[in-house]
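Okay, structure first, notes after.
The values are calculated or read from the model by the stated rules, or taken from the named source; none is laboratory data. None of the values given here were measured: they were computed from a predicted structure. Glycine gets a Cβ as well: all are built from the backbone with ideal geometry, and neighbour counts include every protein chain shown.
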Amino acid sequence: MKLFLMFFLAGIFLVVLQTTLFHLLPIGPVVPDLILVLCVYLGLYHPSVGGVLGSFFLGYSIDIVSSPILGFNAFAMSLVYLAVYLCARSIWLHHPMVSSVVVMLAALVKGAAMVVIWAIFLSVDGFWSGAARYVLWEATLAALLAPVLFALLRRGQKIIERLDPATA
């Protein structure tokens with residue numbers, strides 16, 4: 001229960017950070033997708049029904065706060081979780097570089113899914129040229145921030161497990 005509470009609070013904090021404070025930074029329209037990093041962490045280290053539901057609700061919370069289309073990010077985060085879960089069954093090395101590569105690939109999967117959905121439901125002239133650049137920048141930023149976020153989540157999980165060994 002304490003581990004669930006840690007992930008819940010981390011998710012709320014990351015949603016607020018991603019949807020408000022990161023837009024104030026002078027990095028342009030590209031915002032690092034920390035929710036994606038959290039979904040990848042859940043897929044790698046917590047492959048369970050709770051991880052699936054957590055990924056869906058994290059995506060849905062982004063939809064509620066900042067997306068013009070409800071369900072857009074919920075679908076993308078669920079897809080990311082599924083892809084990472086399937087990859088995690090064959091990845092035995094949990095090194096920060098490997099985790100960054102997994103986050104980069106997951107961000108590209110999410111970006112491709114979102115581009116396909118946009119192309120199907122919304123036709124915008126000149127969309128393809130900007131979309132590819134945006135997806136690559138967002139994936140790179142997420143991959144660069146992934147080791148730091150993974151280390152923080154792992155440290156919080158170890159503290160919780162040390163305080164209450166029954167949660168492990």
Only one residue in LEU70, LEU42 is touching a Phe, Trp or Tyr at 6+ places or on another chain (Cβ under 9 Å) and within 16 Å of ARG154 (Cβ to Cβ). Which one? LEU42
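Here is a yes/no grid of residues against (1) at pLDDT below 85; (2) within 14 Å of the chain's Cα centre (by Cα); (3) of a type in the set (S, T, N, Q):
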residue	(1), (2), (3)
VAL15	no, yes, no
THR20	no, no, yes
PRO47	no, no, no
ASP63	no, yes, no
ALA88	yes, no, no
PRO96	yes, no, no
Name the single residue that is modelled with the highest pLDDT among those in region 121-168 being of a type in the set (A, V, I, L, M) and not in a helix (DSSP H, G or I). LEU122
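Out of all the residues in region 55-82, which are surrounded by fewer than 24 Cβ atoms within 10 Å (Cβ to Cβ) and of a type in the set (Gly, Ala, Ser)?
Listed by number, the residues that qualify are SER61, SER66, SER67, GLY71, ALA74, SER78.
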All helices (runs of 4 or more DSSP H) inside region 18-93 with 3 or more residues being farther than 15 Å from ALA146 by Cβ: 49-66, 72-88
Taking LEU3 as the residue in question, decide whether it is touching a Leu at 6+ places or on another chain (Cβ under 8 Å), assigned to a helix (DSSP H, G or I) and either in contact (Cβ under 8 Å) with a residue 60 or more places away in the chain or polar (S, T, N, Q) (or both). no
Which pairs have Cβ atoms under 9 Å, sit 6 or more apart or on different chains, and link a residue in region 102-115 that is closer than 20 Å to ARG89 by Cα to one that is of a type in the set (Ser, Thr, Tyr) and assigned to a helix (DSSP H, G or I)? VAL103/TYR41; MET104/THR140; ALA106/TYR81; ALA107/THR140
When region 24-46 is examined, which residues are found to be of a type outside the set (A, V, I, L, M) and within 16 Å of ALA142 (Cβ to Cβ)? GLY28, PRO29, PRO32, ASP33, CYS39, TYR41, GLY43
